[in-house]
Amino acid sequence: MSLDVLHDAIGRIDEDLVEEVDALRRKPHQAVVWIWIRRASVIAACAAVLIVGAFALSHAGLLPPFVANFSVGSLHEYAVDDVNQAVVEYTTPSSGETVQGDEYSYYAQSIESIEESAVTVEIIAWTDTGCHATVLESADDLKDIHVGDTVEIAFTDDILTLFSFDGTTIVAAERAPTPADLPIGTTALLWHKRVECVGDTVTIYAYRISPAYETK
Amino acid sequence: MQDQDIVELYWLRDETAISVTEEIYGHYLTTIAFNILNDSEDSAESVNDTYLAAWNSMPPHKPNVLSTYLGKLTRRIAVDRFRKKHRQKRYASEYAVSLTELEDCLSDNRSPEHTAEAQLLADSISAFLRTLPKDTRHVFIGRYYFLDPLKDIAAYCGMSESKAKTLLFRTRAKLKEYLKKEGFVV
């Protein structure tokens with residue numbers, strides 16, 4: 001086959017195929033840079049929708065509260081993501097300083113920096129399914145949780161109880177806390193997935209709970 | 001004026017058909033010719049020959065899309081002109097010149113064998129092109145039918161030049177394989 005034959009053959013391809021491209025050629029077309037700008041805009045819009053959607057779901061209690069996890073400091077991220085991972089330092093959320101970890105400062109920071117979906121309570125009674133507590137602080141001030149309210153605390157199936165921090169490792173247990181872990185009168189910090197209101201009873205479903213320590 | 005109206009003028013043997021065609025499609029056809037010849041004068045002559053060919057072919061032809069039909073005529077005329085010109089350059093002998101002059105006596109310079117082979121091949125290429133994704137097909141036809149520069153193809157296909165180049169490279173390789181399977185000697 002000669003090159004001339006091949007070239008002539010291409011000149012004889014079906015007309016509908018040629019018309020398709022002909023229409024494209026004759027249409028005023030955008031510069032490639034504009035096409036990329038348009039694509040980038042679409043990607044940015046999708047990202048914005050995802051972020052807003054995630055926030056909305058988190059507020060509705062349908063997603064774990066991710067804001068709190070990051071704002072309490074890297075130590076908390078470790079505690080939530082991998083409870084047995086050694087931690088040597090973390091960034092305090094209040095000052096932004098990087099601090100060598102110690103038990104008391106971590107919990108103190110936790111109390112000072114309660115973020116969305118984190119609630120500080122005082123345990124006032126234990127029941128078969130959980131405990132009763134008084135709300136001491138609620139940063140997000142959800143409409144159903146107010147400081148001074150008495151609430152019921154129930155535990156989700158994936159509850160993780162955080163204990164003391166020995167300077168390098170968070171000690172945690174994949175179980176609900178017992179009265180021995182959090183005796184009556186203990187101040188506890190909890191993160192919840194949802195809040196349920198039936199009549200006057202408000203139940204907080206906690207998925208992370210830890211005793212809170214006073215600042216020295 | 002719509003394509004159908006212009007075609008109607010040709011069928012009525014109204015000479016304004018040519019001036020209207022020139023006005024609407026002159027630039028478009030010149031671009032096709034220039035892509036092949038890279039010479040303004042030759043391109044202009046090819047486009048003039050296109051008008052004549054259109055006048056002589058309508059009737060009996062009644063194309064639905066006039067631009068495609070005229071573009072096809074221009075392409076063929078410009079390719080013939082290109083070959084003729086380059087043959088003259090390569091063989092500056094009286095024999096070559098006389099052959100070229102004699103070609104003018106034929107309505108179609110191609111032999112019947114050449115035409116038949118080209119048509120068979122064209123059918124296979126059309127079938128092959130239909131198997132390709134739209135983007136790839138557009139790039140291929142833009143490059144080898146309209147002979148557009150890569151930069152222009154990339155612009156009207158909405159992609160980068162390097163992507164168009166890569167698509168062409170892969171499509172050529174695929175076409176070769178396809179034609180081999182179809183029994184063509186490539």
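The values are calculated or read from the model by the stated rules, or taken from the named source; none is laboratory data. Worth saying up front: this structure is predicted, and the values here are computed from it rather than measured. Methodologically, a virtual Cβ is constructed for each residue, glycine included, from the backbone with ideal geometry; neighbour enumeration extends over all protein chains shown. With ligands, DNA and RNA removed, areas are computed over all heavy atoms of the protein, side chains included. Shrake-Rupley method; radii C 1.70, N 1.55, O 1.52, S 1.80 Å.
A few comments on the model shown:
- Here the label points at A:GLU196 and A:ALA23, each 7 Å from Cα along the C-beta direction, are separated by 5.8 nm in the simple model.
- Comparing each chain alone with all protein chains together (probe 1.4 Å, DNA, RNA and ligands left out), the residues of region B:157-186 losing at least 40 Å² of accessible area are B:GLY158.
- A:ASP149 sits with roughly 50 Å² accessible to a 1.4 Å probe, with DNA, RNA and ligands left out of the calculation.
- Integer Hz, Karplus 6.51/-1.76/1.60 couplings in order for region B:176-184, x for Gly and Pro: 4, 4, 4, 5, 4, 4, 7, x, 7
- Note on surface exposure: A:TRP36, B:TRP55 rank A:TRP36, B:TRP55 by accessible area, highest first, 1.4 Å probe.
- Surface composition of region B:128-186: carbon plus sulfur atoms contribute 54% of the solvent-accessible area (1.4 Å probe, protein chains only, all chains present).
- Accessible area in the full protein assembly, largest first, 1.4 Å probe, for B:TRP11, A:TRP126, A:TRP191: B:TRP11, A:TRP126, A:TRP191
- Listed residues B:LEU52, B:LEU150, B:LEU120, most fluctuating in chain B (Gaussian network, C-alpha, under 10 Å): B:LEU120
- Residue-averaged beta-carbon neighbours from other chains (10 angstrom radius) around B:114-127: 5
- Long-range HN-HN contacts of A:PHE155 with modeled amide H, under 5 Å: A:ALA206
- Surface calculation, 1.4 Å probe, protein heavy atoms: B:ARG130 sits at approximately 110 Å² accessible.
- For the peptide B:145-155, the mean number of other protein chain Cβ atoms found within 10 angstrom of a residue's Cβ is 3.
- B:LYS174 accessible area, assembled protein chains, probe 1.4 Å, Å²: 110 Å²
- Heavy-atom accessible area ranking, 1.4 Å probe, most first, across B:PHE82, B:PHE184: B:PHE82, B:PHE184
- Global form of chain B, assessed from the alpha-carbon gyration tensor, a/c cut-off 1.5: oblate
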